[in-house]
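Sending over a structure as structure tokens; questions will come in a sec.
The values are calculated or read from the model by the stated rules, or taken from the named source; none is laboratory data. Just so it is clear, the model here is predicted, and its values are computed rather than measured. Counting neighbours? That spans all protein chains shown, and the Cβs are built from the backbone with ideal geometry, glycine included.
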Number of protein chains: 2
Amino acid sequence: MNALAKHLLLELKDCNREVLNDLGFLKRILPEAASAAGATILGESFHQFAPHGVSGAVILAESHLFIHTWPECGYAAVDIFTCGDSVQPEKAAQKLIRELGAKSHSILEIQRGILDTG
Amino acid sequence: MNALAKHLLLELKDCNREVLNDLGFLKRILPEAASAAGATILGESFHQFAPHGVSGAVILAESHLFIHTWPECGYAAVDIFTCGDSVQPEKAAQKLIRELGAKSHSILEIQRGILDTG
């Protein structure tokens, strides 16, 4: 039973609150995380919220990477959605955990697109 | 125990394969689905793949909406990630299920950002 895509859902807690609100930092770090996974970047869209919080999407040839931050809670939700065997989404996850200074995290892996081929 | 966000993961199967590969249609339908949910659109990024397939992200004031399509399989993965009580992501989900002609679907709801407030 093969899935078309692998989806990692990261819950990053007790992060460095300053970087969670730093749009410039996140705009640099997300593409770097995608590159660390071996993915190819096709586009991006970021938004800084007032008074705090950032949303960012990076579209990849192999799917996407998403972040939403709640600096006031020290929390970030990250999704890494990839297809194909050439990328290693776990590498992007580890880079983001490290760069955001998450003292606590969980990763939920979900297989997407499990199709009945019978 | 309150969550910061609600995340719907849609598996849409046996869809209309033509619309899954129609970039113009998807660029219109995704923002419409966001509006149906009562969300405010802040930005978007779409990409058409060769020979087939589309990836699209819509960034919302209340988070994001994402689609990846595999027209050759009649399959689309959709994520609707929202925060706040003012939006109804289920309405976006129902619109997309309908517009993509999915004969079979599942929706997985995940609470994101359940923080220890103790």
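Report the residue count in segment A:82-97 for those that are under 28 Å from B:Ala61 (Cβ atoms) and either among the acidic types (Asp, Glu) or crowded, with 24+ Cβ neighbours inside 10 Å (or both).
Final tally of qualifying residues: 4.
Related question: Against the definition (touching a Lys or Arg at 6+ places or on another chain (Cβ under 6 Å), of a type outside the set (Asp, Glu), within 10 Å of another protein chain (Cβ to nearest Cβ) and in contact (Cβ under 8 Å) with a residue 40 or more places away in the chain), how does B:Ala77 come out, yes or no?
yes
Mind listing whichever residues of segment B:27-73 are closer than 21 Å to B:Cys83 by Cβ, acidic (Asp, Glu) and modelled with pLDDT of 95 or more?
Hit for segment B:27-73 is B:Glu32, nothing else.
May I pose another question? Do you know which residues across segment A:1-39 are within 12 Å of chain B (Cβ to nearest Cβ), over 14 Å from the mean Cα position of the chain (by Cα) and within 26 Å of B:Phe46 (Cβ to Cβ)?
Answer for segment A:1-39, where residues must be within 12 Å of chain B (Cβ to nearest Cβ), over 14 Å from the mean Cα position of the chain (by Cα) and within 26 Å of B:Phe46 (Cβ to Cβ): A:Ala3, A:Leu4, A:Ala5.
Starting from residues that are in contact with a strand residue (DSSP E or B) (Cβ under 7 Å, 6 or more places away or on another chain) and closer than 12 Å to B:Leu96 by Cβ, keep the ones in segment B:12-34 and report whichever is surrounded by the fewest Cβ atoms within 10 Å (Cβ to Cβ).
Pass one, segment B:12-34, residues in contact with a strand residue (DSSP E or B) (Cβ under 7 Å, 6 or more places away or on another chain): B:12-15, B:20-21, B:23, B:26-27, B:30-31, B:33-34.
Keeping just the survivors that are closer than 12 Å to B:Leu96 by Cβ gives B:12, B:15, B:20, B:26, B:30-31, B:33-34.
Numbers: B:Leu12: 25, B:Cys15: 24, B:Leu20: 26, B:Leu26: 23, B:Leu30: 25, B:Pro31: 17, B:Ala33: 25, B:Ala34: 29.
It comes out as B:Pro31.
Determine which member of the set A:His52, A:His105 is crowded, with 17+ Cβ neighbours inside 10 Å, in contact with a strand residue (DSSP E or B) (Cβ under 9 Å, 6 or more places away or on another chain) and not in a helix (DSSP H, G or I). Walk me through it before giving the result.
Values: A:His52 fails: crowded, with 17+ Cβ neighbours inside 10 Å.
Of the residues listed, the single one that is crowded, with 17+ Cβ neighbours inside 10 Å, in contact with a strand residue (DSSP E or B) (Cβ under 9 Å, 6 or more places away or on another chain) and not in a helix (DSSP H, G or I) is A:His105.
Still on this model: Out of A:Ala102, A:Ala76, A:Ala33, report the one residue that is farther than 19 Å from B:Ile110 by Cβ and hydrophobic (A, V, I, L, M, F, W, C).
Checking each option against the conditions leaves just A:Ala33.
Which of the residues belonging to segment B:64-114 are touching a helix residue (DSSP H, G or I) at 6+ places or on another chain (Cβ under 6 Å), within 16 Å of B:Ala36 (Cβ to Cβ) and small (Gly, Ala, Ser)?
Of everything in segment B:64-114, just one residue is touching a helix residue (DSSP H, G or I) at 6+ places or on another chain (Cβ under 6 Å), within 16 Å of B:Ala36 (Cβ to Cβ) and small (Gly, Ala, Ser), namely B:Ala92.
Moving on to the next point. Can you tell me which residue among B:Asn2, B:Asn16, B:Asn21 is polar (S, T, N, Q) and in contact with a helix residue (DSSP H, G or I) (Cβ under 8 Å, 6 or more places away or on another chain)?
Of B:Asn2, B:Asn16, B:Asn21, the one residue that is polar (S, T, N, Q) and in contact with a helix residue (DSSP H, G or I) (Cβ under 8 Å, 6 or more places away or on another chain) is B:Asn21.
Just to be sure before I move on: is A:Lys91 more than 10 Å from chain B (Cβ to nearest Cβ) and more than 14 Å from the chain's Cα centre (by Cα) in the structure I sent?
Spelling it out, it is not the case that A:Lys91 is more than 10 Å from chain B (Cβ to nearest Cβ) and more than 14 Å from the chain's Cα centre (by Cα).
When you look at B:Ala77, is it part of a loop (DSSP other than H, G, I, E, B) and within 17 Å of B:Gly53 (Cα to Cα), yes or no? Show your work before the answer.
Numbers: part of a loop (DSSP other than H, G, I, E, B): no; within 17 Å of B:Gly53 (Cα to Cα): yes.
No.
Still on this structure, I have one more. Hey, any hits in segment B:41-55 for a residue that's within 8 Å of chain A (Cβ to nearest Cβ) and within 20 Å of A:Leu10 (Cα to Cα)?
The answer is no, given that none of the residues of segment B:41-55 is within 8 Å of chain A (Cβ to nearest Cβ) and within 20 Å of A:Leu10 (Cα to Cα).
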